[in-house]
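As structure tokens, the structure follows; a few thoughts come after it.
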Amino acid sequence: MVLALFVAVAAGMAGASTLALRASLVEQLDERVLATSERAVRAEDAPREIGPLAPSDPGGPEGDPPLSGPPSGLDAPGQAAGTVTLTVQDGSALGAYIDTAGEFQQLTAAQVEVLAAVETDGLARTVDLDELGEYRVVASTTSADDLVVTGLSLEDASDTVSRYLVIEAMVAALGVGLAAVLGGVLVRRELRPLERVAGTATRVSELPLHEGEVALAERVDVQDTDPRTEVGQVGAALNRMLGHVEGALAARHESEMQVRRLVADASHELRTPLASIRGYAELVRRVPADLPPDALHAMARVESEARRMTTLVEDMLLLARLDAGRPLETGPVDLTALVLDAVADAHVAGPDHVWLLDLPDPDDAEGDGTGLPQHDATVAGDEDRLRQVLVNLLANARVHTPPGTRVLTAVRPGPEAVTVSVRDDGPGVPADLLPTLFQRFSRGDAARAPGSGSTGLGLAIVDAVVQAHGGQITVDGAAGGTTFLVTLPRSTAGAQ
């Protein structure tokens, strides 16, 4: 934009100066034309016969007899090369001009016609004389009312303006080029502090602000916070914002830690009374004395709800421990064996579903370049927690799909990780539920699983356990089936 403005200003200045130069040159030429016209009129007032221009000359314009000599005004003292004069005396017209060699040359009939049509008012005008080019001419009359038209060529003035335009264009091009180079250097130098401010903002944007306590130590350097400059004002404002964000994150983290401690403590304290409730309810049902059916049903419901509450408390306690970053048990875990056990248990719990397995071939002992056979699905982790991941995924497939649904569990060992997928051909996951599927207390449509008793913590536990092992879980809930894909690294280097 600055260069465009510079070009526009330069073009405006060039146009204005060119017009002014041309006007000045034409004004000077008009003064010379008037002086030339005065000399021509004075010469024509002197008595003189007009005769043939030269014996070999074919004569003047068509129909006119040959004229002797040039017009009196043309050979008057002081007339310069390029001067043109037309004299009309007693109906006879004689037009001639002085060429660059100083010789008199006769005008053509067309040129004489153009000059004869000039208005006699003593004002200079521009006319085009064909091969001779443009002229500034003045028409005057002698004391005998003879017409005298005198003019000078505009060629010198036009050449001067053309050369001036060429020089201006070259100077403007050079100026624009220098302005582009120097302007680019200066702008980059002046914007360098802004680049440093942007770098600070970029580094802050890459911080894992969503993961617990974060040390927000990034700040804009003091040299880039000068309030006297625009960039300094931006840097200072960014520092104030970062300080505010850091305080807000610290307050939020402290609040979350208090809630987690409360949940952990409450979950821990609730385990004992819930166990007592379950024990007394079971004891009442087993007493020898006969109890009314309503009392037995009530005790059974108390025992069932106590068992459900115990499961919920255990889940909440596990999540609280994972949130607190407590280390998990680490050891070699064969995912193939875990999948076999989990699918066997799921088959017992849901005989109305079709449970399928897709495991690596144990007879294939060929290595994969890592020193391990291709069928090896061993990872490093906590066996109980990984078993809970599989149990929760299979229970999720059983609870949220209708009877007869096919559920396929597959294990795929890789060089650096092992993947376990659980796919069902059920109705899929609604699109609006996918973003919150792994959030705590997130539940699917109750109509799909009436009376399931889901706490909404199963998939949250799966996600937390997988992340604690340094793995990743994804879901594809397109219509016609749902696939959960768990990827676990073989080593514990990526585990929290």
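The values are calculated or read from the model by the stated rules, or taken from the named source; none is laboratory data. Here the structure is a predicted model, which is why all the values come from computation and not from measurement. Counting neighbours? That spans all protein chains shown, and the Cβs are built from the backbone with ideal geometry, glycine included. Calculation scope for accessible area: heavy atoms of the full protein, side chains included, ligands and nucleic acids excluded. Shrake-Rupley method; radii C 1.70, N 1.55, O 1.52, S 1.80 Å.
Remarks
- Listed by first and then second residue, the pairs with beta-carbon distance under 8 Å, at least 6 apart or on different chains, first residue in the stretch 154-171 and farther than 26 Å from Leu129 by Cα, second open to solvent by 60 Å² or more (accessible area, probe 1.4 Å) and in a loop (DSSP other than H, G, I, E, B), form an empty list.
- Candidates Ile473, Ile461: the one that is surrounded by 19 or more Cβ atoms within 10 Å (Cβ to Cβ), within 23 Å of Pro327 (Cβ to Cβ) and at pLDDT below 85 is Ile461.
- Residues being surrounded by 16 or more Cβ atoms within 10 Å (Cβ to Cβ) and under 22 Å from Glu206 (Cα atoms) - total across the stretch 232-250: 8
- Selection status of Ala180, over 30 Å from Val220 (Cα atoms), more than 28 Å from the chain's Cα centre (by Cα) and not in a loop (DSSP other than H, G, I, E, B): no
- Residue within the stretch 154-171 that is of a type outside the set (Asp, Glu) and over 29 Å from Ala11 (Cβ atoms) present: no
- Selection from the stretch 202-214 of residues that are exposed (fewer than 14 other Cβ atoms within 10 Å of the Cβ) and modelled with pLDDT of 80 or more: Thr202, Arg203, Ser205, Glu206
- Failed item in (1) in contact with a helix residue (DSSP H, G or I) (Cβ under 8 Å, 6 or more places away or on another chain); (2) assigned to a loop (DSSP other than H, G, I, E, B), with Leu152 passing the rest: (2)
- With respect to the conditions (1) farther than 30 Å from Glu256 by Cα; (2) part of a helix (DSSP H, G or I); (3) open to solvent by 90 Å² or more (accessible area, probe 1.4 Å), Gly199 falls short on a single one, namely (3).
- Residue in the stretch 247-256 that is in a helix (DSSP H, G or I), under 60 Å from the mean Cα position of the chain (by Cα), modelled with pLDDT under 70 and not β-branched (Val, Ile, Thr) present: no
- Residues in the stretch 395-425 that are under 13 Å from Trp355 (Cα atoms), assigned to a loop (DSSP other than H, G, I, E, B) and open to solvent by less than 30 Å² (accessible area, probe 1.4 Å): Thr401, Thr405.
- Enumeration of residues in the stretch 215-230 that are over 30 Å from Ala468 (Cα atoms), aliphatic (A, V, I, L, M) and open to solvent by 30 Å² or more (accessible area, probe 1.4 Å): Val222
- The one condition from (1) over 30 Å from Ala14 (Cα atoms); (2) open to solvent by less than 80 Å² (accessible area, probe 1.4 Å); (3) in contact with a helix residue (DSSP H, G or I) (Cβ under 6 Å, 6 or more places away or on another chain) that Arg136 does not meet is (1).
- For the stretch 298-308, residues that are at pLDDT 80 or above and open to solvent by 90 Å² or more (accessible area, probe 1.4 Å) total 1.
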